[in-house]
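The structure appears right after this line, and notes come after that.
The values are calculated or read from the model by the stated rules, or taken from the named source; none is laboratory data. These figures come from a predicted structure and were not determined experimentally. When we count neighbours, we look across all protein chains shown, and the Cβ atoms used for this are built from the backbone with ideal geometry, even at glycine. All accessible areas refer to the heavy atoms of the entire protein, side chains included, with ligands and DNA or RNA removed. Shrake-Rupley method; radii C 1.70, N 1.55, O 1.52, S 1.80 Å.
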Amino acid sequence: MGCAGFTCSKNSLCALNILYVMVSLLMIGIAAWGKCFGLVSSFQVVGGIIGVGVFLFFVALAGLIGAMKHHQVLLFFYMIILFLVFVVQFSVSSACLAINEDQQNHLLEVGWNNSLTTQRDVEKSLNCCGFSHMDVNGSCAAPCFQYSTCTTCAAKIQEHAGEVLRFVGGIGLFFSFTEILGVWLTYRYRNQKDPRANPSAFL
């Protein structure tokens with residue numbers, strides 16, 4: 001029974017970390033693809049996504065190695081980091097799901113005003129100019145600008161922002177529960193004795 005429980009915990013932890021490795025590589029790949037094809041020109045956005053992907057990759061790799069080798073120290077630090085990630089991700093996901101329309105509009109406008117590259121990306125992809133008003137004497141990356149048929153971007157962004165926030169919040173909440181499952185599995189696995197090891201050894 002002990003052997004079966006040990007193997008089950010080990011396999012579950014390995015499978016969970018393989019999932020995290022795949023998700024991290026997917027995040028890095030999508031960010032790099034978006035940058036290469038000019039879908040996102042903001043270096044901060046691409047760099048942020050790649051940074052999160054690399055961080056998740058190394059955390060998952062540490063968990064995978066710790067699970068394979070039943071390494072006490074590695075599993076301890078993995079458990080602590082995963083718990084901290086859970087707290088942050090659960091808080092952010094809950095905020096995404098709880099945000100009201102006024103707060104959403106305020107955040108969108110702040111984000112719009114803080115990055116010119118993001119403005120150009122949005123104007124080009126949504127074919128609109130300006131956030132709440134269009135400056136006819138200014139510049140705009142949207143194709144409609146040369147024909148003076150553009151609408152403002154605020155309305156178009158707000159159409160999708162609510163759905164995006166709910167989607168991101170839901171996905172984040174789902175992954176936060178897999179993280180707390182990972183913490184529990186790591187704690188359980190770390191305190192189990194390897195039936196193949198020397199019974200007198202400290203585990």
task = Report the label-to-label distance for LEU107 and ILE171 in nanometres (one decimal), using points 7 Å from each Cα along the Cα→Cβ vector.
result = 1.5 nm
inquiry  = Tell me the label only: which of (i) 16.6; (ii) 19.8; (iii) 17.9 is Kirkwood radius over Cα pairs in Å as calculated from this structure?
reply    = (ii)
ask   = How many Lys pairs in the chain lie less than 19 angstrom apart by Cα atoms, where the lysines are 8 or more positions apart or on different chains?
value = 5
request  = Select from ILE65, CYS140, HIS106 the residue farthest towards the positive end of the dipole of the chain; place +1 on Cβ of Lys and Arg, -1 on Cβ of Asp and Glu, and compute about the Cα centre.
outcome  = ILE65
message = Given the whole protein assembly as supplied and a 1.4 Å probe, what does the accessible area of VAL52 come to in Å², nearest 10?
response = 80 Å²
ask   = Could you give the accessible area per residue of the chain, probe 1.4 Å, as a whole number in Å²?
value = 61 Å²
message = Report the gain in length on full extension from LEU25 to VAL87: 0.36 nm times residue separation, minus Cα-Cα distance, nm rounded to one decimal.
response = 20.1 nm
Förster-model FRET efficiency, 25 Å R0, ARG120 and LEU61, C-beta, rounded to 0.05 = 0.10
ask   = Could you sort TRP112, TRP184 by accessible area so the largest value comes first, with the probe set to 1.4 Å?
value = TRP184, TRP112
inquiry  = I need the phi-derived Karplus couplings for the stretch 181-189: 6.51 cos²θ - 1.76 cosθ + 1.60, θ = phi - 60°, integer Hz, Gly and Pro marked x.
reply    = 5, x, 4, 5, 4, 5, 4, 5, 5
request  = Just grab the label-to-label distance for ILE18 and GLU163, each label 7 Å out from Cα along the Cβ direction, in nm (one decimal).
outcome  = 3.5 nm
remark   = Residue separation between TRP33 and SER94 times 0.36 nm, minus their alpha-carbon distance, gives in nm 19.1 nm
request  = Taking the Cα centre of the chain as origin, sum charge times position over the Cβ atoms of Lys and Arg (+1) and Asp and Glu (-1), and report the length of that vector in debye to the nearest 20.
outcome  = 1060 debye
ask   = Ranked by accessible surface with a 1.4 Å probe, highest first, in what order do ASP121, ASP135, ASP102 come?
value = ASP102, ASP135, ASP121
ask   = Taking the Cα-to-Cβ direction at THR7 and at THR151 and moving 7 Å from each Cα, how far apart do the two end points lie in nm?
value = 6.2 nm
key: Percent accessible area from carbon and sulfur atoms, the chain, protein chains only, probe 1.4 Å   = 70 percent
